[in-house]
Every structure is written in C-alpha cells, then in structure tokens.
Amino acid sequence: MRPQTVTACVLIGLSLLACIYGVISLIDPPYTDQEIRASLVDTWEPEAIVTSWLLCLLILCLVLSLGLWLRSVTAKARALTSAAVTLSILGGSLIFASHAALTVRVTRLTGQTFSALYGLL
C-alpha cells in the first residue's frame, strides 16, 4: 500500500470512531438528570473538554484529508481521501450535535446559561 492510502485509512478510522461516539452520545446521554443537577463540574465540563479536543482532532483530520485529496492521483486514493473528508465532517457534526443536546438539557435542568457555541467559546 502507498503511504497516502494508509494515511487515508487511518483518517477514516479516526473519523469513524468519532462518528460512533457522537451517535452513542446522542442516543444514550452520558448523565442522568440527577447527576447534572448535582454537579456541572463533574458532568458538563468534562464533556465540553472532550468535545473541544475531539473537534480539534477532527479539524486536523479534515485538513490532512483535504491535503491528501488534492495530491491524490489514482482513483482509489481519491475515493479514500473523499471518504476521509466526508467522515471527518460527519464526525464533527455528530460530536457538536451531541454537545449541543447536552448543553440544552443542562440549561433546561439547571437554568445555567452558556457562552457562544454552547459554551465551547
């Protein structure tokens, strides 16, 4: 395998993991209402930190994928890098959506308001 193909496969794998995490977080929220009411420091804040790191990782994946896509010469490499671009965007969207859903839930339960981008800024 060419290094470009291997790199694209790694980027696809990382993006798929992020997609899975985002879907699971949307389907099965990580905290109960009681846990959220008891402590924002132990619930919302760690999720916000994880979300920030994952979004940074996915932005890096997107930039690398786009760079590989621009340099790809074979149809296979173009398809793999296109998949990596698509999955990194999808993963970022799912991660952000799960964070937004948690933030809205926290606001509803506690009345706490957050800054721009659901407290990420």
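With the cut-off at 21 Å, report for the range 1-96 the share of all Cα pairs above it, as a whole percent.
The proportion of pairs with Cα distances above 21 Å equals 40 percent.
Given a Förster radius of 41 Å and the C-beta distance between W53 and A75 as r, what FRET efficiency does 1/(1 + (r/R0)^6) yield to the nearest 0.05?
For W53 and A75, the calculated efficiency is 0.75.
S82 to A97: extension gain in nm, 0.36 nm per residue of separation minus the Cα-Cα distance?
Taking S82 through A97 to full extension adds about 3.2 nm, to one decimal.
Can you tell me how the range 62-121 classifies by the Cα gyration tensor, rounded, prolate or oblate, using a/c under 1.5 as the rounded cut?
In terms of gyration-tensor shape, prolate.
Given the Cα-Cα distance of R108 and E35 and 0.36 nm per residue of separation, how much length would full extension add, in nm?
24.9 nm
Only helices at least 18 Å long along their axis, Cα-based, and averaging 1.0 or more on Kyte-Doolittle count here, so list those DSSP H runs from the chain.
Long hydrophobic helices here: 3-27, 44-71.
Could you size up the charge dipole of the chain around its Cα centre, putting +1 on the beta carbon of Lys and Arg and -1 on that of Asp and Glu, and report it in debye to the nearest 20?
680 debye
In deg cm²/dmol and to the nearest 500, what is the mean residue ellipticity at 222 nm of the chain if only DSSP H runs of at least 4 residues count, each as -39500 (n - 2.57), divided by the residue total?
Result for the chain: -28000 deg cm²/dmol, rounded to the nearest 500.
What relative contact order, as a whole-number percentage, does the chain give when Cα pairs under 8 Å and 6 or more residues apart are counted?
Here the relative contact order equals 42 percent.
What does the extension gain come out to for V6 and V23, with contour length at 0.36 nm per residue minus their alpha carbon separation?
Working it through step by step, the gained length comes to 3.5 nm.
Throughout, read-outs are computed from the coordinates displayed, never taken from laboratory work. All figures in this text were calculated on a predicted structure; none of them were measured in a lab. A quick note on method: Cβ atoms are made from the backbone with ideal geometry, for glycine too, and the neighbour counts reach across all protein chains shown.
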